[in-house]
Amino acid sequence: MKKIVNEVQGEGLEKLLGERVTLFCMNYIYTGTLTGVNETCVLLTDAAIVYETGTFTEKNWKDVQKLPHDWYVSIASIESFGKLK
């Protein structure tokens, strides 16, 4: 089967560089400023793990724990991502 494929530069994670993002991963939810992206991982600055989200319409997480420094997350573990809170 042949399909039409258009490659668009700067989409996906790259489009969100410099933004505060939320990464839904296999085991945890991470949040922070996306400051780096490569083929295997992303770098979050001002990173935290979200243990309880609360409602998504609220401005703040119900239970979020800051990490002590920048944090790398494996792209292979990311299930979905975007700007949320």
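Only the coordinates and a few stated rules stand behind these numbers; no lab work does. Everything numeric in this text was worked out from a predicted model, so none of it was measured. Glycine gets a Cβ as well: all are built from the backbone with ideal geometry, and neighbour counts include every protein chain shown.
For the reader, a short list of remarks on this structure follows.
- Flag for Gly54 being without any contact (Cβ under 8 Å) to a residue 24 or more places away in the chain and not hydroxyl-bearing (Ser, Thr, Tyr): yes
- Looking only at the stretch 48-67, and only at residues there that are among the aromatic types (Phe, Trp, Tyr) and surrounded by 10 or more Cβ atoms within 10 Å (Cβ to Cβ), the one that is farthest from Val21 (Cα to Cα): Tyr51
- Within the stretch 68-85, if we keep just the residues that are loosely packed, with under 12 Cβ neighbours inside 10 Å and over 13 Å from Glu39 (Cβ atoms), the residue that is farthest from the chain's Cα centre (by Cα) turns out to be Pro68.
- Residue under evaluation Phe81, criteria (1) part of a strand (DSSP E or B); (2) free of Cβ contacts under 8 Å to residues at least 60 places away in the same chain, criterion not met: (2)
- Only one of Leu34, Leu13 that is touching a Gly at 6+ places or on another chain (Cβ under 8 Å) and farther than 15 Å from Gln65 by Cα: Leu34
- Identity of the residue in the stretch 1-52, of a type in the set (Val, Ile, Thr) and part of a loop (DSSP other than H, G, I, E, B), that ends up nearest to the chain's Cα centre (by Cα): Thr40
- Candidate set from the stretch 1-47 (those that are surrounded by fewer than 10 Cβ atoms within 10 Å (Cβ to Cβ) and basic (Lys, Arg)); member that is nearest to Tyr72 (Cα to Cα): Lys3
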